[in-house]
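All of the numbers you see were taken from the coordinates with simple rules; none came from a lab. Every value quoted in this text rests on a predicted model; they were computed, and no experiment measured them. Here the Cβ is made from the backbone with ideal geometry for all residues, glycine too, and neighbour counts use every protein chain on show.
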Amino acid sequence: MRADRPAHDDDGQSVSLWMAETEPRRAPRLEGAIEVDVCVVGAGIAGLSTAYCAACEGLSVVVVDDGAVAGGQTKRTTAHLSSAIDDHFTAIERVHGVAGARAAGASHAAAIDRIESIVADEHIDCAFERVDGYLCLAGDATPDWLDRELAAARRAGLEVEIARRSPVATLEGPCLRFPRQAQLHPLRYAAGLADAAERRGARIFGATHVDAIEPRADGRIRVASHASGAHVDARFAVVATNAPIHERVAVHTKQVPHRTYAMAFALPAGAIPRALYWDTLDPYHYVRIHPGEREDVLVSGGEDHRIGALTAGAAAERYERLEDWTRRHFPVIEAERYRWSGEVLETIDGLAFIGPTPSGPANLLMASGDSGMGMTHGTIAGILLTDLVLGRENPWARWYDPARRPLAAAPHYVSDTVETALAYGEWLKLVEGDPHALAPNTGGVFGWGIHRRAIYCDPDGKLHVRSAVCPHLGGLVGWNDAEKTWDCPCHGSRFDRYGRVVQGPANADLDDVS
Ligand SMILES: Cc1cc2nc3c(=O)[nH]c(=O)nc-3n(C[C@H](O)[C@H](O)[C@H](O)COP(=O)(O)OP(=O)(O)OC[C@H]3O[C@@H](n4cnc5c(N)ncnc54)[C@H](O)[C@@H]3O)c2cc1C
Ligand code: FES
């Protein structure tokens, strides 16, 4: 593992609205050896929420990240805080029954409440605001479907009503209105949460790549960075690296990496009522309004696809479709301000994986499977994992257990496994061509015999050659032209243009074969 490795916050070239507005909050590098109650790996929403909740209980806490605070997917979110499950309650109920759907609705609502109280108690200036959410009928979904979703959401305990239309005239048709949803500025919230955790005694370290998480003979877990020679021995370790870096198979076969796209447009102040808007298309679209001083900003997202499912250059087409959809439904928007993309992990049954690591000891905890609702799932992780550390009963624990394998999700499991197997099939394709024909600042995978090479042509025309074989479980990476990264279609690992890992589950670079 090289010492000059990039941080995970170097995970793509696009810049989100929040990144453009906020200086990254950096933390000092971990040095020496530390002993604590809880060591959290990853300073995204899940890791910071866990650190804060644990510190509030008087536990000694260390957070270790290899980049800045919230430098992973949290800086790319659109930060809808919602108890209206994006996979829809009809689907959640089908897999988990009414009790499971109730647990899902209650836990996301509790997460929003918790964020609201943290913002108030800790005086975090992050534009937190309660807003309504509107699920608007579109595409093939019929009014019947909306009725069924209304009934399922009510059975799940949500306050929800049907409305003839949303407050936006151009979003035609009936919709469901979910009151008491919320939104905030994610990077300002994350920085405030980190400050508040530190005030309660938590210590946060950055620029420290964790490459070993191992149970010790005395029952504690050692979290170590060999590059810096530092380690933390903890009664409990929480791996909150978005895609778990310590668990090779059990969880990764139950979640599928998707790329999602977001765009921000100038909007005359007050032109659109502040609310969360979602449609029922597949892939769906999500919209919110971020209040500004002179102008508002409309943030629109969607056009998701499974990683690796697009051919080169097609990301541009996704942005085009997103812009087209947004301008059609919100014609009042003005110039584009930002566009960015990120990765979400869709689980086979719509709920995150929060709890003990399936193959590990009971004190090796994890949070993953954000399912596009990672801001609330990350907050649920804070509440739930702290209960587990304290040995307290938690009513949601069984629904989020990473070891679960709900039978009703089996068809999803099978089709996702088949798709992953097809991604491995890329190996068999003969990749012909001359790497010297690559345009500057682009990359491609080339094959010679049994070898597959990921070759990047830098702006000066110099070729950088790496093995195209993902060090996680041997998938073949593909070039992501929108972010200038190498992405693995199997479980979502990503590498920068020079092959250095920027997103798990892989925790090592592409082999240098030059
Ligand atoms: C475009 C987009 C829109 C979204 N919109 C929404 C939304 O509206 N609402 C919602 O709820 N969710 C949304 N999501 C999902 C949500 O933003 C994410 O699920 C959530 O931010 C993930 O948080 P996390 O803490 O799990 O991971 P991350 O924020 O990725 O944090 C993981 C951390 O682990 C660190 N790390 C990783 N490996 C190591 C290592 N080996 N050593 C040390 N540190 C390591 C990384 O540096 C990173 O800081 C969206 C996501 C995207 C991309
Ligand atoms: S991410 Fe698992 S093989 Fe690449």
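Observations
- Euclidean distance of C-alpha centroids, region 329-390 and region 94-110, integer Å: 16 Å
- Normalised by the number of residues in the chain, the mean separation of alpha-carbon contacts (under 8 Å, six or more apart) gives a relative contact order of 19 percent.
- 20 Å cut-off, amide nitrogen to a point 7 angstrom out along H436 Cα→Cβ, residues in region 443-466: 443-449, 453-466
- Helix-derived mean residue ellipticity, 222 nm - over the chain, DSSP H n ≥ 4, -39500 (n - 2.57), to 500: -8000 deg cm²/dmol
- Dipole of the chain [Lys/Arg +1, Asp/Glu -1 at C-beta], most positive-end residue of L267, V256, S107: S107
- Ellipsoid semi-axes in whole angstrom, largest first, where each is sqrt(5λ) of the Cα gyration tensor of the chain: 33, 29, 23
- Compared with the alpha-carbon gap, the fully stretched path from A316 to Y498 is longer by 63.3 nm at 0.36 nm per residue.
- At the listed q of 0.15, 0.17, 0.21 Å⁻¹, the Debye profile of region 429-503, built from one uniform point per Cα, gives log10 I(q)/I(0) equal to -0.44, -0.56, -0.86.
- Its relative contact order, with pairs defined as Cα atoms under 8 Å and 6+ residues apart, puts region 453-514 at 29 percent.
- A cysteine counts as unpartnered when no other cysteine's C-beta lies under 4.7 Å of its own; in the chain this applies to C39, C53, C56, C126, C457, C490.
- Our estimate of slack between W448 and S514, defined as 0.36 nm per intervening residue step minus the Cα-Cα distance, is 22.4 nm.
- The value given for region 272-325 is a Kirkwood hydrodynamic radius of 12.6 Å, derived from the mean inverse Cα-Cα separation.
- Mean sequence separation of contacting Cα pairs (under 8 Å, at least six apart), scaled by the length of region 169-274, corresponds to a relative contact order of 11 percent.
- Pairs of Cα atoms in region 220-308 fall into 5 Å distance bins, from 0 up to the last occupied one, in shares of 3, 10, 13, 13, 11, 10, 10, 10, 12, 6, 2, 0 percent.
- Only Lys, Arg (+1) and Asp, Glu (-1) charged, at Cβ; region 429-503 dipole about Cα centre in debye: 240 debye
- Net length available on complete extension from I162 to R148 is 3.9 nm, with 0.36 nm assigned per residue and the Cα-Cα distance removed.
- With both labels modelled 7 Å from their Cα along Cα-to-Cβ, the R392 to E214 distance reads 3.4 nm.
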